[in-house]
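The values are calculated or read from the model by the stated rules, or taken from the named source; none is laboratory data. Remember, predicted model here, so these are calculated numbers, not experimental data. Cβ atoms come from the backbone with ideal geometry, glycine included; neighbour counts cover every protein chain shown. Ligands, DNA and RNA are stripped out before the accessible areas are found, and what is left, the full protein with its side chains, is counted by its heavy atoms. Shrake-Rupley method; radii C 1.70, N 1.55, O 1.52, S 1.80 Å.
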Amino acid sequence: MTIPVISNLDARRIFLDRHGLIDRPSGAGKGDDLNGVIQGLGFVQLDSVNTFARAHDLILWSRRQQYRPQALHHLLHRDRRVFEHWTHDAATIPIDSFAHWRLRFTRDAARLASRWESWRGKEFHAKIDQVLRHISDNGCCTSGEVGTDESRGKGGWWDWHPSKTALEYLWRSGQVSVLRRDGFTKVYDLTERVIPAEHLNRRHHVAETIEWCCAGALDRLGFATSGELAAFWDHITPAEAKDWCRVALAEGRIIEIDITCVDGKLRRSYAWPDLPDRPVPEPLPRVRILSPFDPALRDRKRAERLFGFHYRIEIFVPEPKRTYGYYVFPVMEADRLIGRIDMKREGAVLAVRAFWPEAGVRMGQGRIAALQAELARAASFGGCAELAYGPDWIVA
């Protein structure tokens with residue numbers, strides 16, 4: 001049997017279409033429309049860095065430029081149409097997925113209990129019970145409202161007092177949920193007081209969740225290896241995804257295809273059988289500013305294979321060793337990543353410090369005008385009344 005080959009151009013367009021980056025970024029950006037965007041992506045990563053806009057807000061704005069942060073707040077905290085939990089990091093997830101997160105709750109509970117017992121000692125389990133009773137008896141709380149008399153560690157990310165550690169464990173194991181965020185501070189309550197009953201009481205067998213994870217990942221990626229399916233939600237094991245692919249292939253539910261990478265090499269992947277015959281969407285010739293945590297870029301290696309775009313966050317890189325800047329934003333035009341931009345909100349001004357074009361990208365007047373038009377829209381979204389460009393801001 002001949003293995004279908006997908007060209008690099010088509011592969012990029014299929015992938016971007018599945019990530020909502022082909023069509024015009026129009027739509028209400030709230031309510032049903034916004035919920036549909038998050039459903040389509042599967043989840044949206046939450047992040048606290050706010051040099052211009054928080055990652056989740058920029059991800060949603062890139063697809064719906066009518067979006068404003070209050071709309072996600074309503075979905076999370078008022079309407080309960082999404083919930084907050086863990087994929088590769090904290091994320092907002094469609095509430096319909098909650099029952100499938102029970103597998104993760106179970107696995108995280110076992111993994112973290114063992115890991116954190118060795119860190120905090122056996123009294124860690126008593127602290128979990130104590131914090132759970134506190135929330136049950138007194139209502140919702142933040143990490144700053146438990147263990148106020150406890151000492152912390154020696155610094156760094158693990159500078160948590162024991163009650164904070166217990167609270168994190170309760171959240172990761174599904175016993176408490178995020179009720180809301182005050183600013184960016186999580187407020188927790190018992191899960192049964194947060195999650196609507198129709199989702200709270202639903203259960204799935206492990207095999208059903210593995211099916212849901214693999215099929216859902218393939219829907220959103222368009223094509224993938226078994227490892228990429230496992231990594232999409234970071235929810236199931238590579239062995240489970242590999243076994244799902246083996247069975248689905250034998251049953252004719254999926255096919256093997258070869259994806260042409262930007263360097264011309266072929267990468268064997270899986271896809272739904274109709275993918276080679278489906279029309280490939282044509283992208284709009286539009287410039288978009290993306291979050292470094294955009295779902296289309298989360299898998300850095302995939303971005304390199306498909307687009308030839310190498311990206312890393314330089315927040316933790318000492319300034320003299322940075323290639324670009326503290327927090328630079330990838331820039332896309334149609335189906336290409338054309339560069340990255342260093343910009344920061346400074347009061348009412350969006351200060352554009354530098355734009356670095358990718359190799360082979362010529363910054364003619366038309367492309368510069370399109371980039372500046374998007375920057376003007378971004379400034380409006382970020383509440384900036386003015387744009388300011390640094391000298392020689394386009395780096396040759």
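Listed values, structure above:
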| item | result |
| --- | --- |
| For Asp47: the one exception among (1) modelled with pLDDT of 95 or more; (2) more than 26 Å from Leu284 (Cα to Cα); (3) under 18 Å from the mean Cα position of the chain (by Cα) | (1) |
| Qualifying residue in region 311-325 (condition: of a type in the set (A, V, I, L, M, F, W, C) and under 19 Å from the mean Cα position of the chain (by Cα)) | yes |
| Tally of residues being farther than 17 Å from Asp219 by Cβ and in a loop (DSSP other than H, G, I, E, B) across region 264-278 | 2 |
| Residues that are exposed (fewer than 15 other Cβ atoms within 10 Å of the Cβ), under 21 Å from Glu374 (Cα atoms) and modelled with pLDDT of 95 or more, drawn from region 21-44 | Ala28 |
| Thr51 surrounded by fewer than 19 Cβ atoms within 10 Å (Cβ to Cβ) and farther than 26 Å from Gly382 by Cβ | no |
| Number of the exception - Leu284 against (1) within 30 Å of Asp57 (Cβ to Cβ); (2) open to solvent by 40 Å² or more (accessible area, probe 1.4 Å); (3) at pLDDT 95 or above; (4) not charged (D, E, K, R) | (3) |
| Region 364-382 residues that are part of a helix (DSSP H, G or I), paired with ones that are at pLDDT below 95 and open to solvent by less than 50 Å² (accessible area, probe 1.4 Å) (beta carbon under 7 Å, 6 or more apart) | Phe381/Ala53 |
| Selected residue (criterion: surrounded by the fewest Cβ atoms within 10 Å (Cβ to Cβ)) from residues of region 167-202 that are outside any strand (DSSP E or B) and of a type in the set (Gly, Ala, Ser) | Gly183 |
| Residue match in region 327-339 (condition: at positive phi, assigned to a loop (DSSP other than H, G, I, E, B) and buried (at least 17 other Cβ atoms within 10 Å of the Cβ)) | yes |
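Residue-wise test of (1) touching a Lys or Arg at 6+ places or on another chain (Cβ under 8 Å); (2) free of Cβ contacts under 8 Å to residues at least 40 places away in the same chain; (3) open to solvent by 10 Å² or more (accessible area, probe 1.4 Å); (4) in a helix (DSSP H, G or I).
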position: Thr165; (1), (2), (3), (4): yes, no, no, yes
position: Cys214; (1), (2), (3), (4): no, yes, no, yes
position: Glu228; (1), (2), (3), (4): yes, no, yes, yes
position: Ala239; (1), (2), (3), (4): no, yes, yes, yes
position: Val247; (1), (2), (3), (4): no, yes, yes, yes
position: Asp258; (1), (2), (3), (4): yes, no, yes, no
position: Val262; (1), (2), (3), (4): yes, no, yes, no
